[in-house]
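Participant: Quick one: this structure, given as structure tokens, is what I'll be asking you about.
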Amino acid sequence: MKTDVIDAVPGAHAVSEILVNGATVKIVFARHPRAKRYRLTLRRDGTARCTIPRRGTVVEAHRFVARCHDWLAGRLLAESKRPKPNAVWRVGSPVWFRGETFPLSLAPSGDRLVLGDAVFPMPRVAAENLRPHVERRLRLLASVELPFRVRELASLHGLTFRSVSVRNQRSRWGSCSPRHLISLNWRLVQTPASVRDYIILHELAHTRHLNHSARFWAEVARICPGHDEAERWLKSRGEELLG
């Protein structure tokens with residue numbers, strides 16, 4: 001494994017390359033102050049991320065990645081066989097919205113796009129691919145709906161937070177910082193309401209337990225009894241939305 005960049009400052013990144021089944025795979029190393037162990041994940045773009053715990057070293061991280069070679073090869077093979085989501089959206093293309101797929105359609109007037117119960121203006125400039133335009137509109141919708149829902153659920157369960165931001169994460173649905181700043185993925189407007197609420201409640205539970213301890217999961221079970229079903233939906237459909 002060849003390391004191109006190494007920065008020993010906690011939180012910085014090191015980038016390396018490794019050969020897996022004859023193909024070059026980029027490995028991004030990143031320190032995480034709350035991580036307790038090394039972890040390897042495969043991103044949707046084909047790069048891998050190795051999380052280094054607070055007391056870990058880049059040298060040991062390389063050894064960990066080497067031990068995970070067979071796992072990484074299997075994941076890459078599985079990803080190569082996975083059907084790829086449609087990168088181009090046109091009128092008639094199926095698009096996830098509120099937990100269902102709806103055909104993107106034109107309003108009878110021809111000057112609006114319709115997706116489920118949402119109506120968006122047409123792009124100012126004609127475009128063959130409507131996906132960027134529709135995703136921007138969905139993100140605007142999420143920036144209104146998601147913070148409102150966080151406030152509702154926090155009030156319902158007696159939980160407090162400092163702020164909510166809606167972002168364009170590619171690998172996570174939400175996060176909660178030690179200062180109780182909650183960040184949510186705009187694509188939650190594409191999931192069922194139960195899944196959206198689970199992610200929000202998951203992050204709100206972190207305002208009491210900033211970890212994934214037994215106490216944290218007990219809190220999640222208390223405020224979101226259907227969290228197991230929501231997790232199953234995310235495992236079966238989540239990657240399709242993040243693609």
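Participant: Restricting the search to the stretch 206-220, which residues are touching a residue at least 40 places away in the same chain (Cβ under 8 Å) and either over 12 Å from Leu159 (Cα atoms) or hydrophobic (A, V, I, L, M, F, W, C) (or both)?
Facilitator: Result: Leu210, Asn211.
Participant: Here's another thing I want to ask about it. Kindly state which strands (runs of 3 or more DSSP E) lie completely within the stretch 39-149 and contain at least 1 residues that are free of Cβ contacts under 8 Å to residues at least 40 places away in the same chain, touching a Lys or Arg at 6+ places or on another chain (Cβ under 6 Å) and farther than 30 Å from Phe29 by Cβ.
Facilitator: By residue number, 118-121.
Participant: Just checking, which of Glu100, Glu128 is acidic (Asp, Glu) and either modelled with pLDDT of 95 or more or touching a Pro at 6+ places or on another chain (Cβ under 8 Å) (or both)?
Facilitator: After ruling out the rest, the residue left standing is Glu100.
Participant: If I filter the stretch 154-166 for residues that are in a strand (DSSP E or B), of a type outside the set (Ser, Thr, Tyr) and in contact with a strand residue (DSSP E or B) (Cβ under 6 Å, 6 or more places away or on another chain), do I get at least one hit?
Facilitator: So far as the stretch 154-166 goes, yes, one or more of its residues are in a strand (DSSP E or B), of a type outside the set (Ser, Thr, Tyr) and in contact with a strand residue (DSSP E or B) (Cβ under 6 Å, 6 or more places away or on another chain).
Participant: Any residue in the stretch 180-200 that is farther than 18 Å from Lys235 by Cβ sitting within a Cβ distance under 9 Å of a residue that is assigned to a loop (DSSP other than H, G, I, E, B) and aliphatic (A, V, I, L, M)? List the pairs, counting only those 6 or more apart or interchain.
Facilitator: His180/Leu210
Participant: Residue check: is Arg139 surrounded by 11 or more Cβ atoms within 10 Å (Cβ to Cβ), under 27 Å from Arg208 (Cβ atoms) and not assigned by TED's automatic domain parsing to the domain that holds Thr101?
Facilitator: For Arg139, the condition - surrounded by 11 or more Cβ atoms within 10 Å (Cβ to Cβ), under 27 Å from Arg208 (Cβ atoms) and not assigned by TED's automatic domain parsing to the domain that holds Thr101 - is not met.
Participant: Can you confirm whether the stretch 195-205 contains a residue that is closer than 18 Å to Ala142 by Cα, surrounded by 20 or more Cβ atoms within 10 Å (Cβ to Cβ), of a type in the set (Ser, Thr, Tyr) and within 15 Å of the chain's Cα centre (by Cα)?
Facilitator: Within the stretch 195-205 (the criterion being closer than 18 Å to Ala142 by Cα, surrounded by 20 or more Cβ atoms within 10 Å (Cβ to Cβ), of a type in the set (Ser, Thr, Tyr) and within 15 Å of the chain's Cα centre (by Cα)), the answer is yes, since at least one residue qualifies.
Participant: Quick check on Arg90: is it farther than 30 Å from Tyr198 by Cα and surrounded by fewer than 16 Cβ atoms within 10 Å (Cβ to Cβ)?
Facilitator: yes
Participant: Still on this model: Please count how many residues of the stretch 57-91 are at pLDDT 90 or above and of a type in the set (S, T, N, Q).
Facilitator: 1
Participant: Still on this structure: Take the conditions out of contact with any Cys (no Cβ under 7 Å at 6 or more places or on another chain), at pLDDT 95 or above, more than 27 Å from Leu115 (Cα to Cα) and among the acidic types (Asp, Glu) and apply them to Glu219. Does it pass?
Facilitator: yes
The values are calculated or read from the model by the stated rules, or taken from the named source; none is laboratory data. From a predicted model like this one, the values you see are computed outputs, not experimental measurements. Please note: Cβ atoms are built from the backbone with ideal geometry, for glycine as well, and neighbour counts cover all protein chains shown.
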